[in-house]
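Some notes on the structure that comes next.
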Amino acid sequence: MTMSEAKRERWKIGAELAAVLSARHDPAARIRNLDLLAALIALLLPWSTSGVAIAAVPWLIALVPTLDGRAFVQSLQRPICALPIALCALAALGMLWSDAPWGARLYAVGPAVKLLMLPLLLYHFERTSRGHWVFNAFLVSCAVMLLASWITAFVPAFTFKPVDDRVCGVFVKNYIDQGQEFALCVLALAFPVMTLWQEGKRRQAAWLMALAAAFVANMVFVIASRTALATMPLLLAVFAFRYLPWRGIAVLGTVTVIAGVAWMAAPRMCRTIDTMARDFELYQERNIPTSAGLRMEYWKKSLHFIADAPLVGHGTGSIRGLFEKAATGSAAGASAQVVANPHNQTLSVAIQWGVIGVIILYAMWLSHLLLFRGEGFVAWVGLLVVAQNVLSSLFNSHLFDFHEGWMYVLGVGVAGGTLLGSAGMARPDGVSAASQRESRDTIRSTP
């Protein structure tokens with residue numbers, strides 16, 4: 001680097017820092033800082049739960065001075081915003097008819113509170129074109145996590161997890177969260193790979209394909225998440241039927257079948273399949289609390305709980321108490337296990353808030369799916385995030401889990417807001433938003 005280039009680089013860095021620090025007097029700088037904080041949240045998400053919570057606080061504080069009260073209130077009337085608020089409100093109201101201790105009731109409201117971030121993210125990212133900062137930050141963070149996972153696979157001591165909780169290839173958190181991250185990245189990369197290939201940019205497409213292959217190889221040969229394994233083929237089919245011609249679908253289907261056969265033949269996959277079959281057999285024959293067997297036990301009991309209070313459920317935080325009352329047999333048996341999570345999102349909602357809660361949940365998912373029925377990369381990312389959450393919630397309560405719940409909130413909020421802003425659908429009919437449009441134009445003119 002020459003002296004003049006070094007000076008230009010220092011000047012550029014100084015200009016960027018000045019733009020950040022000028023937020024007190026510059027509305028465009030305030031919006032830019034919010035974009036940076038959102039990208040920081042995405043960067044931290046694969047690594048730290050406390051980091052995400054800490055970074056969300058200054059984002060909320062910084063958002064308040066930028067709100068246009070009338071426009072924001074109008075935005076809350078849309079189903080994509082109103083339904084998450086309604087589900088959170090139902091969780092709060094559900095404390096009134098719950099028999100659980102008040103500590104358990106308050107604790108059970110917490111997982112639903114993050115849904116209140118959705119309307120705020122949707123509102124904010126309607127005003128800015130920097131949603132790609134958040135997507136890129138998450139991809140880069142997951143790529144670094146991928147590298148750490150490969151190192152941990154060969155050097156088990158290279159991990160932040162305690163000795164008694166170490167898992168091959170897991171650097172932090174757990175293999176389920178890691179699998180969801182890696183699966184999301186693989187499938188999200190499918191769209192830019194397709195686009196770059198069609199545009200003749202084969203080298204760039206090849207680099208992204210190599211990154212996606214590294215994610216897949218890690219999931220096959222290092223650590224496999226059964227939830228990711230079950231949902232990825234379905235999500236890949238959604239991509240194929242939505243974006244590929246019939247010839248492309250045939251080619252992708254053939255490649256998928258070949259890859260699937262190779263995947264199933266991999267030693268780790270063979271062990272995973274054998275383990276699932278053995279777990280189910282041990283549960284049925286000997287009441288042993290295996291992973292697959294426990295899910296069956298939780299689901300059977302959950303259906304009985306729902307039948308006892310089908311309309312409004314048993315109230316917020318009631319799940320553990322119900323399982324305690326239903327526990328039978330030896331303390332070491334599957335039928336005696338007590339949990340606060342039935343490992344299915346629909347069952348979790350139905351037990352606590354009945355049919356009313358399930359209707360709100362499904363309506364929210366549907367409204368968010370319909371939001372991403374358009375074309376382009378942003379629409380694909382949003383559709384992918386919603387579809388992944390819906391499918392994985394068959395096996396886990398992923399909307400209420402911290403990590404997967406934040407993936408949903410951040411993905412839908414950023415992609416949805418970006419899509420609304422670019423399509424000019426930000427305001428309900430008849431509502432004047434001239435000042436916000438002018439502000440958005442100013443912001444978008446800022447690099």
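Odds and ends about this structure:
- Count of the range 145-162 residues which are in contact (Cβ under 8 Å) with a residue 40 or more places away in the chain and not polar (S, T, N, Q): 4
- Residue, farthest from L384 (Cα to Cα), within the range 222-238, restricted to residues that are more than 18 Å from the chain's Cα centre (by Cα) and touching a residue at least 60 places away in the same chain (Cβ under 8 Å): V222
- Test: residue in the range 116-133 that is closer than 18 Å to V355 by Cα, in contact (Cβ under 8 Å) with a residue 60 or more places away in the chain and within 21 Å of the chain's Cα centre (by Cα): no
- Condition check for E199: under 24 Å from the mean Cα position of the chain (by Cα), within 26 Å of G374 (Cβ to Cβ), modelled with pLDDT of 80 or more and not aromatic (F, W, Y): no
- For A363: the one exception among (1) part of a helix (DSSP H, G or I); (2) touching a Gly at 6+ places or on another chain (Cβ under 8 Å): (2)
- Which listed residue, of A53, A89, is surrounded by fewer than 19 Cβ atoms within 10 Å (Cβ to Cβ), at pLDDT 95 or above and under 23 Å from the mean Cα position of the chain (by Cα): A89
- Scanning the range 71-94 for residues that are among the polar types (S, T, N, Q) and assigned to a loop (DSSP other than H, G, I, E, B) yields a total of 1.
The values are calculated or read from the model by the stated rules, or taken from the named source; none is laboratory data. Source: prediction; values computed, not measured. All Cβ positions, glycine included, derive from the backbone under ideal geometry; neighbour counts span all protein chains shown.
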